[in-house]
1. For the condition under 23 Å from A:His133 (Cβ atoms) and surrounded by fewer than 20 Cβ atoms within 10 Å (Cβ to Cβ), what is the one hit in A:Lys446, A:Lys489, A:Lys395, A:Lys451?
2. Working only within the range A:165-201, note down all residues that are part of a loop (DSSP other than H, G, I, E, B) and closer than 21 Å to A:Asp405 by Cα.
3. Picking from A:Gly269, A:Gly242, A:Gly164, which residue would you name as being open to solvent by 20 Å² or more (accessible area, probe 1.4 Å) and closer than 19 Å to A:Val328 by Cα?
4. Out of the residues in the range A:369-408 meeting the condition of being in contact with an Asp or Glu (Cβ under 9 Å, 6 or more places away or on another chain) and of a type in the set (A, V, I, L, M), tell me which one is nearest to RNA strand B (Cβ to nearest atom).
5. Go through the range A:32-61 and count every residue that is within 19 Å of A:Met1 (Cα to Cα), surrounded by 18 or more Cβ atoms within 10 Å (Cβ to Cβ) and within 12 Å of RNA strand B (Cβ to nearest atom).
6. Residues of the range A:547-564 being within 12 Å of RNA strand B (Cβ to nearest atom), in a helix (DSSP H, G or I) and in contact (Cβ under 8 Å) with a residue 24 or more places away in the chain, which ones?
7. Looking only at the range A:492-499, decide whether some residue is at pLDDT below 95, closer than 16 Å to A:Leu558 by Cα and assigned to a helix (DSSP H, G or I).
8. Quick check on my filter: what residues within the range A:326-344 are within 14 Å of A:Lys284 (Cα to Cα) and of a type outside the set (Val, Ile, Thr)?
Amino acid sequence: MDILLKESLAGAVAVLYGKEVSENLLQIQKTKKEFTGDYTLVVFPLLRISGKSPEITGQEIGDYILANTPLVSEINVVKGFLNITISSSEWRDRLTSFDSEPDFGFSSEGKNSETVVVEYSSPNTNKPLHLGHIRNNLLGYSLSRILSASGKRVIRTNIVNDRGIHICKSMLAWKLFGNGETPESSGKKGDHLVGDYYVMFDKEYKKQVAALTEKGMSSDEAAENAPLMAGAREMLLKWESGDNETLDLWHMMNSWVYAGFDVTYKALGVEFDKIYYESDTFKKGKELVLEALTREILYKKEDGSVWADLTSEKLDQKLLLRSDGTAVYMTQDLGTAVIRHDDFNFDKHIYVVGNEQNYHFQVLALILGKMGFGWAEGLHHFSYGMVELPEGKMKSREGTVVDADDLIDEMTDTARLMSQELGKLEGFSEGEKEAIYKKIGLAALKYYILKVDPKKNMTFNPAESIDFNGNTGPFIQYTYTRIQSVLKKANEGGMGLNRNSFTDVIPNAKEISLIKLINDFPSLVNEASRELSPALVANYCYDIAKEFNQYYHDYTILGESDKNIRDFRIYLSDMAGLVIKKGLWLLGIDVPERM
RNA sequence: GGUCCUAUAGUUCAAUGGAUAGAACGAAGGUUUCCUAAACCUUAAAUCCAGGUUCGAUUCCUGGUGGGACUACCA
């Protein structure tokens, strides 16, 4: 629609002023609510071409397209703005044309599609997932859906940080204090059990440090020399050298954690195409580093540690191998990136990782570039802000970390309570009801998080997040179920089946607003993909839900006596529902048919 | 100290350089013999400060101020 308009506007300018205009001078935007019109041409940029005042220029162009472009039914000029109204019948025809598009708004993957790897989640295997991971998972999952809906080949991956000193800490604590506790013996979810030992390590370690400082040791020295820390370091060395006993313990505890993570991922509704493990990729990283060392891209210090010198890029020096030869986080990320490129030959690689790692990813791309990998230019750190609580940052020490499993349960509980109070789910089995509660609770959580610009830190207010009214996920779901309810009744009454019956219907203003929103959906998907912005999709879903609710309130659909208008309204509702469902799908939110 | 992110109603969030800054929650009031009131309608309420670029700045640039992150042989 707006492309057609743009062409006729360009034509108008060419005829009137005898000059071709470049694309960027024709600024078309949606007309603001308080003015009459559908699209608005901002005429200021054209004044140099017309050599006339804004009002006259607007009027001249407006008069021309009104006379020469059939789809324009009306124009008006306010200051430097030319407001253009598209004829109602044009909008109606536009609506019916959506039907001919097989998967409205979504593009499918083709031979020339860009390949994009999206990494998200990236858990450590020493503690359960928390609220911060939830933001990460939801963003990553939604991004992957948005990208694939815009026609890209998307590979969803996860890197599991399953090795390193932090893992050794929980292993050591379990060995020393665990008395053989297992998920089976304790009934604890595996990731929580392992997390408990990580916390225990920290507690006992602090005690040891305190004891040492009391004996007169400096706090730095004490931190180095506490037996637990020495033990953890020793364990890491054993692990890297392949010690069987250590590996067995590691395998066992990791398997507990993975079982726990699977439950959380499933509850959250996210999945991956390929999961990488740091324990596999760090070796590749070490090889890369050693190889680059021989090419003198990196250098070795006297103590044997290996570094990248990035001072010419105005950054610091970066450690890549410790003096004892063990790998650090950066080492494995180098390896992971190269392995992934070998696996998928990606054009782009998006890392969904918190903004506290901005530096890390800047360095990662630089080092890969130095090593000679041209594709490193395709690496993109999708950096998102922290999640804070109303009382401030989450601190594990103070026990204010919001656990992912708990949170999901609480949202479902709230949905259950609310739903039972409203009592609209009669006739469903308990199992069906539970499935609906879960969809609603998760929608509240997901929408609450995804509607916020990812770059910004966000405040997670538990009281607000479980609100199901207003600008929330359940509000949008509710709109969808209202539509389904109408469609079901229409179907039962044999109405709305004839889509050719409304070719003469002239839609009213509210209906045109809805058609416009539906019409926007395909370009919205592309924009969200280009901008990597689930928030854009969330806002869109809310806009159309709000618009439909107003329509639903102001007009009757099934009660309309004119059969053609009724059929038209049923069809319009159907399309609005479809777009809401697709929009929510892009956010990873499921819709219930009733609620 | 250095680098990066950020600042909009009481609160949580919107606004490709365009018109009178838009929602939600909260506050006050109203709507149900009518397709689901988890809805709809009305009212009050905001661009951190100072410069600059521009016909036009919440948006871009510079400098302040407040908040946050990073600057580990942690991840």
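The values are calculated or read from the model by the stated rules, or taken from the named source; none is laboratory data. Not measured: the values here are computed from a predicted model. No Cβ is skipped: glycine too gets one built from the backbone with ideal geometry, and neighbour counts run over all protein chains shown. For accessibility, only protein heavy atoms count, side chains too; no ligands or nucleic acids. Shrake-Rupley method; radii C 1.70, N 1.55, O 1.52, S 1.80 Å.
1. Only one candidate passes the filter, namely A:Lys395.
2. Initially, the range A:165-201 is screened for residues part of a loop (DSSP other than H, G, I, E, B), giving A:178-182, A:187-189.
Correct list: A:Thr182, A:Gly187, A:Lys188, A:Lys189.
3. Numbers: A:Gly269 fails: closer than 19 Å to A:Val328 by Cα; A:Gly164 fails: open to solvent by 20 Å² or more (accessible area, probe 1.4 Å).
Criteria check complete, one pass: A:Gly242.
4. A:Met386
5. Residues that pass the stated criteria total 5.
6. Correct list: A:Glu547, A:Phe548, A:Asn549, A:Gln550, A:Tyr551, A:Tyr552, A:Asp554.
7. Filtering the range A:492-499 for residues at pLDDT below 95 gives A:492-499.
Restricting the remaining residues to those that are closer than 16 Å to A:Leu558 by Cα gives A:492-499.
The next check asks that each one be assigned to a helix (DSSP H, G or I); those that pass are A:492.
Checked against the condition, which is being at pLDDT below 95, closer than 16 Å to A:Leu558 by Cα and assigned to a helix (DSSP H, G or I), the range A:492-499 yields at least one hit.
8. In the first step, residues of the range A:326-344 are kept if they are within 14 Å of A:Lys284 (Cα to Cα); the result is A:326-343.
If the condition is that a residue be within 14 Å of A:Lys284 (Cα to Cα) and of a type outside the set (Val, Ile, Thr), then A:Ala327, A:Tyr329, A:Met330, A:Gln332, A:Asp333, A:Leu334, A:Gly335, A:Ala337, A:Arg340, A:His341, A:Asp342, A:Asp343 are the ones that fit.
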